[in-house]
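Participant: Please see the structure below; I have some questions.
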Amino acid sequence: MKIGIDTRVLSWNMTGPWRYLRNLLDHIGEIDHRNEYFLFVNKDQADSITVPSNFRKTILRSFFDGSRLLTKLNSGVSSKVLESYLKGQALDPILGNLLLPVLLRHDRINVFHSPFNVLPLIKACPSVVTIHDLAFEIYPDEFSLQARLFHKTFTPIAARTADIIIVPSTCVKNNIVEFYDVSQAKIRVIYEAADKIFKPMNRKESKVKIVQKYGIEDDFILFIGFARLRRNVSQLLEAFSMLKKQHDLRHKLVIVGRYDPVNTNYPKLIRELHMENEVIHFARVADEDMPLLYNAAEIFVYPSSYEGFGLPLVEAMACGTPIVASNAPPMPEIVGNAGLFVNPFDINQMAQTIHLVLTDEHLRLGLRDKSLERAHSFSWKKTAEKTLEGYREAQRS
């Protein structure tokens, strides 16, 4: 079987789709030496992607500079990420709808996989699309008008024309059925996983390294993620402030990830709560240091109202970090019995649940053991195996 994969999203560095495709390709390369893979790459990617012998690369050239369009599509994203995204998925209508189908026909591709929500309008062969979430449908205010128009136009088309749809959770599967009236029969729930660097480490040693690298000397509560409105960081800040006042909490709150400058003003809220010395914010932490943060943290809190999967949850579990998460889908689906769940809009409940975990060592150790056990349910090898089955199903269709 000849399998074509659009890999331009690999230029979208350090994002969820980038991590997804990078790990998927690595593990498919390890387990499948029979099928032929045709990777459609940007010119800038051609030399940087190392592939096995049954993989070949085809360079896709863009016909126009879409930098201005992309800047409008997502004004809340940094220029560096925008540039990476432009080089990656690009979403060039000429490239995607004319050149790519021609190349698929020329190479006699049996199945084409798009790893990020869209497919060429001209169908050249059976197709698989990965739809990571429908946040633009459920939380449209987080997206610019142009971004909403784009996603609302092309994602439903991809969902309806694809032979197989891959989603990272039952939550997204239900979203697609609800919004686009797509048959459940062609949707495959294939979980993602944490990178292999996320693992349990000695907590004391991790804390020493965190002090040395980031100067965090106190015990701390951890949140990781792009602080969008639906991630409910404002509620977390208010719950943390309540804990400080009611229980004289010694912990700091560490937030890793950029603030959404369009829909949120967390720095202002931190000042209003007089928490400038209690909240530590890093826009980004090096990948190799992320396991140290998870292992050094007393507890990981993730009060998001909506996710496609929630990769930080799996990373926390792989490190054995106790979790308090939102009770909104898909968090309970992913975490299972390895965490405690709260209404993300009930600040008092969130505060008291965090306090319970921080003060009950038996509970905390139990959650650690359950997290490590639950983490075994997720592996990129399983993701690759199930994705290969999706390719076979698409070809049979």
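Participant: Bins of 5 Å, beginning at zero and ending with the bin holding the largest distance: percent of Cα pairs per bin for the range 203-375, please.
Facilitator: P(r) for the range 203-375, in whole percents per bin: 1, 9, 19, 23, 23, 17, 7, 1, 0.
Participant: Rounded to the nearest 0.05, what FRET efficiency is calculated for LYS57 and LYS381 with R0 set to 25 Å and r the Cβ-Cβ distance? Mind showing how you got there, number by number?
Facilitator: Numbers: r = 24 Å, r/R0 = 0.94.
After rounding to 0.05, the efficiency reads 0.60.
Participant: Moving to a separate point now. In percent, how large is the relative contact order of the chain, given Cα pairs closer than 8 Å and 6 or more residues apart? The partial results should precede the final answer.
Facilitator: Numbers: 740 pairs, mean separation 63.3, N = 397.
Relative contact order of the chain: 16 percent.
Participant: Also: Give me the angle, in degrees from 0 to 90, between the Cα long axis of helix 203-214 and the longest principal axis of the Cα atoms of the chain, rounded to the nearest 10.
Facilitator: So the helix axis and the longest Cα principal axis differ by about 80 degrees.
Participant: Taking the highest mean first, how do the peptides 316-322, 387-393, 272-278 order by number of other beta carbon atoms within 10 angstrom per residue?
Facilitator: Values: 316-322: 27.7, 387-393: 18.3, 272-278: 13.0.
In descending order of packing, they fall as 316-322, 387-393, 272-278.
Participant: Same structure, new question: Give the peptides 207-213, 113-119 in descending order of average Cβ contacts within 10 Å, highest first.
Facilitator: On the way: 207-213: 14.9, 113-119: 23.6.
The packing order, highest mean first, is 113-119, 207-213.
Participant: A further question follows. Compute the relative contact order of the range 203-375 as a whole-number percentage, counting only Cα pairs closer than 8 Å that sit 6 or more residues apart in sequence. Before the final figure, lay out the partial values.
Facilitator: Working: 309 pairs, mean separation 40.9, N = 173.
So the answer I get is 24 percent.
Participant: Compute the long axis of helix 233-247 from its Cα atoms, compare it with the longest principal axis of the Cα atoms of the chain, and write down the angle in degrees, 0 to 90, nearest 10.
Facilitator: 20
Participant: Dipole magnitude of the chain about its Cα centre, charges +1 at Lys/Arg Cβ and -1 at Asp/Glu Cβ only, in debye to the nearest 20? Please report the intermediate quantities before stating the final value.
Facilitator: On the way: 49 positive and 45 negative charges, 192 e Å.
With only Lys, Arg, Asp and Glu charged at Cβ, the dipole is about 920 debye.
Participant: Do the alpha carbons of any pairs in LYS213/LYS245; LYS196/LYS252; LYS43/LYS268 sit beyond 31 Å of each other, and which pairs? Spell out each step's value before the answer.
Facilitator: Working: LYS213/LYS245 29 Å; LYS196/LYS252 28 Å; LYS43/LYS268 43 Å.
Beyond 31 Å between Cα atoms: LYS43/LYS268.
Participant: If we sort 173-184, 326-337 on the protection proxy, mean other Cβ atoms within 10 Å, highest first, what's the order? If you can, show how the numbers build up before the last one.
Facilitator: Working: 173-184: 15.7, 326-337: 19.8.
Answer by packing, highest mean first, reads 326-337, 173-184.
Participant: Next question, about the same structure. What angle do you read, to the nearest 10 degrees and between 0 and 90, between the alpha-carbon axis of helix 361-375 and the longest principal axis of the chain?
Facilitator: It works out to around 10 degrees.
Participant: Let me ask something else. Have a look at GLN395, ALA297, ILE255 and report the one farthest towards the positive end of the charge dipole of the range 253-397, computed about the Cα centre with Cβ charges (Lys/Arg +1, Asp/Glu -1).
Facilitator: GLN395
FYI, it's all coordinate maths here, none of it is from the lab. These numbers were taken from a predicted model, which means no experiment stands behind them. Here Cβ is always computed from backbone atoms with ideal geometry, including for glycine, and neighbour counts include all displayed protein chains.
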